[in-house]
Amino acid sequence: MKVAPYTPEELQRILAFKMPHVPVERTKAGLARARAQGKRLGHPRLEVGWKGHPRVDFARVHALRAQGMSYRVIAKQLGVSHQTVKNRLRNEGGNPPNEKNESGGT
């Protein structure tokens with residue numbers, strides 16, 4: 001009769017230590033391979049017209065904001081979310097204040 005090199009308890013401890021690292025390593029390797037192939041990762045930007053979303057003219061967003069319109073009013077006119085308007089203005093550094101709030105907030 002052959003004796004197993006590890007008891008069941010020892011085998012469980014070994015597998016419990018090694019198994020959590022395997023999926024993480026595979027994920028990191030897959031992401032690195034995708035980047036090496038030139039693939040863009042993450043959610044596509046809205047202005048590229050992804051899945052039928054409207055393309056947004058951010059020059060118009062800047063012009064409307066300069067007129068003192070709120071994020072929500074601009075978003076409703078353009079058919080996008082107010083957060084899209086707010087994020088783009090913040091990322092491009094163009095966020096003039098509106099008449100209600102002179103500090104530049106919403």
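Please treat every number below as a calculation from the coordinates, not as lab data. Treat the numbers as computed from the prediction; the structure is a model and nothing was measured. All Cβ positions, glycine included, derive from the backbone under ideal geometry; neighbour counts span all protein chains shown.
Here are the numbers for this structure:
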| item | result |
| --- | --- |
| Karplus-derived 3J(HN,Hα), 6.51/-1.76/1.60, for each residue of the stretch 77-91, Hz, glycine and proline x | 5, 8, x, 10, 7, 5, 5, 4, 4, 4, 4, 5, 5, 5, 5 |
| Charge sum, other residues only, whose C-beta stays under 14 Å from A63's C-beta, Lys/Arg counted +1 and Asp/Glu -1 | +1 |
| Local electrostatic count at Q83 - Lys and Arg +1, Asp and Glu -1, tallied over other residues with Cβ under 12 Å | +4 |
